[in-house]
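The values are calculated or read from the model by the stated rules, or taken from the named source; none is laboratory data. Being a predicted model, the structure only gives us computed values, none of them experimental. When we count neighbours, we look across all protein chains shown, and the Cβ atoms used for this are built from the backbone with ideal geometry, even at glycine.
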Amino acid sequence: MASNRSFLRLWGWPVALAILTSIGLLSALLGDNVWDGLSWLLLGFLPLLVLYYLRKAKRTRL
Amino acid sequence: MVFHEEIDHLTEKTNRDIAPVGHQNASLDAMVLNGLKVHPKKVVRFISWDDEEPNSVYLSLTDSLTAPPDNFEIIEMNKSTGAVARQLAVKEGVMYTILQLHTDLLMGIPGKLFLGLMGILFIIAIISGVVLYGPIMKKYDFGMIREGRSKRLKWLDMHNLLGIVVLIWTLVVGLTGVINTLSDVVQGLWQQGQLADMTAPYRNEKPLHPDSLYSVDLAAKTAQAAAPDMKLAVIAMPGTALSSKHHYAVFLHGNTPLTSRLLTPALVDAKTGKLTDIRKMPWYVNAFFLSQPLHFGDYGGLTLKIIWALLDIMTIVVLISGLYLWVLRLKAGKAQFVRVEGKQVFFQEKEVNHGI
């Protein structure tokens with residue numbers, strides 16, 4: 001469905017990031033070692049993602 | 001604030017003797033006596049332990065058991081010898097001031113509640129931002145930043161991208177920050193609720209004489225025997241706001257990252273040494289305890305703290321770009337107003353001219 005596709009296009013990333021962030025925030029609280037590592041990966045992904053889009057914008061500058 | 005432990009460690013002098021001697025722990029009663037030798041006019045209000053410092057026990061001394069919470073001195077004790085290791089300078093230094101500033105703007109409970117209100121406004125601002133994200137981004141792809149067009153468009157896109165990426169994190173840090181400002185409310189509710197309930201049978205008894213108290217060391221062991229898989233966190237001496245005039249309140253905590261944040265109060269009769277009650281904390285106290293790590297990010301090592309700082313920076317960029325966009329909007333609004341106003345003046349002049 002077209003409306004489904006446009007919903008995913010708009011909210012797909014934000015919802016996915018919300019889920020990743022929630023798991024990242026909780027995992028280090030609920031466990032140690034591996035769970036700390038999972039937390040670092042998921043939360044560390046956020047600044048990396050922003051960095052990726054910033055660099056992409058610089059590259060494709062008009 | 002995120003790195004306060006590391007900064008404290010950098011700035012503190014490390015000449016203290018906490019090296020363990022043998023496998024025995026010194027008696028807590030001996031520690032209290034040793035501590036009182038350093039401050040003969042004070043009394044011990046709390047005894048506490050720190051998971052990061054397994055060889056130390058901390059005594060919190062105060063002028064009187066009912067003195068305000070900020071009336072205290074902390075001495076670090078050697079856990080195995082019971083000797084004084086050093087006096088802690090917790091109330092000195094820049095970090096202490098910054099913490100106070102961050103907690104209550106140096107204005108006590110009103111300052112704290114004011115910051116709580118700011119936190120609520122912060123959360124409302126975030127939610128309103130999400131509401132705007134939909135219509136603005138409807139026709140565009142996630143992550144679009146329009147470089148090389150107007151400065152306003154570029155910063156609008158940055159604001160949207162960074163804002164939506166850090167959305168949940170900012171909501172969690174904001175909400176837990178608001179909960180942290182309610183510390184006095186939470187403590188009051190617990191004192192009047194669970195603690196009053198647990199100590200109700202002793203309400204009408206006379207206070208115990210300080211010299212006739214049961215051994216605090218044995219009281220701690222009694223409490224621990226009731227919850228063998230838990231560790232000692234804090235002991236409140238009889239007569240404090242967190243115990244009763246007849247009880248040692250022994251607060252125990254668990255071993256996992258989660259349960260180590262949650263305290264379980266065990267009350268030990270300070271005359272007979274019998275355990276009178278042990279309970280789980282009510283949900284609102286546990287919610288408060290869990291709000292602290294989720295606000296400060298101090299629960300996943302130094303790596304998590306660094307990520308926390310990066311997310312902090314991203315949030316600051318969102319705030320500043322938001323402010324920038326708002327100022328532009330304000331200016332645009334004024335310009336529009338001037339244009340409309342100008343037209344009106346123009347038409348009025350025309351009419352006047354016609355009139356002539």
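For the reader, a short list of remarks on this structure follows.
- Of all residues making up region B:20-43, the number that are closer than 21 Å to B:Ala89 by Cβ and aliphatic (A, V, I, L, M): 4
- Residue tally, condition surrounded by 14 or more Cβ atoms within 10 Å (Cβ to Cβ) and either hydrophobic (A, V, I, L, M, F, W, C) or at pLDDT 95 or above (or both), over region B:106-115: 4
- In the set A:Ser22, A:Ser27, A:Ser6, only one residue is under 19 Å from B:Val130 (Cα atoms), more than 7 Å from chain B (Cβ to nearest Cβ), polar (S, T, N, Q) and part of a helix (DSSP H, G or I); that residue is A:Ser6.
- Annotation note: of B:Leu263, B:Leu267, B:Leu218, B:Leu232, the sole residue that is crowded, with 18+ Cβ neighbours inside 10 Å and either over 16 Å from B:Trp190 (Cβ atoms) or among the small types (Gly, Ala, Ser) (or both) is B:Leu232.
- The listed residues are B:Gly134, B:Gly148, and the only one of them that is assigned by TED's automatic domain parsing to the domain that holds B:Met314, over 36 Å from the mean Cα position of the chain (by Cα) and free of Cβ contacts under 8 Å to residues at least 12 places away in the same chain turns out to be B:Gly148.
- Restricted to region B:282-295, and to residues there that are surrounded by fewer than 18 Cβ atoms within 10 Å (Cβ to Cβ) and either away from chain A (no Cβ under 14 Å) or among the aliphatic types (A, V, I, L, M) (or both), the residue that is nearest to B:Met198 (Cα to Cα) is B:Pro282.
- B:Asp298 away from chain A (no Cβ under 11 Å) and not in a helix (DSSP H, G or I): no
- Helices (runs of 4 or more DSSP H) contained in region B:110-218 and holding at least 1 residues within 14 Å of chain A (Cβ to nearest Cβ): B:151-165, B:167-181
- Looking across A:Leu38, A:Leu30, A:Leu26, A:Leu46, one residue alone is under 10 Å from the mean Cα position of the chain (by Cα), within 18 Å of B:Leu294 (Cα to Cα) and not β-branched (Val, Ile, Thr). It is A:Leu46.
- Positions within region A:36-46 being within 9 Å of chain B (Cβ to nearest Cβ) and surrounded by 18 or more Cβ atoms within 10 Å (Cβ to Cβ), in sequence order: A:Asp36, A:Ser39, A:Trp40, A:Leu43, A:Leu46
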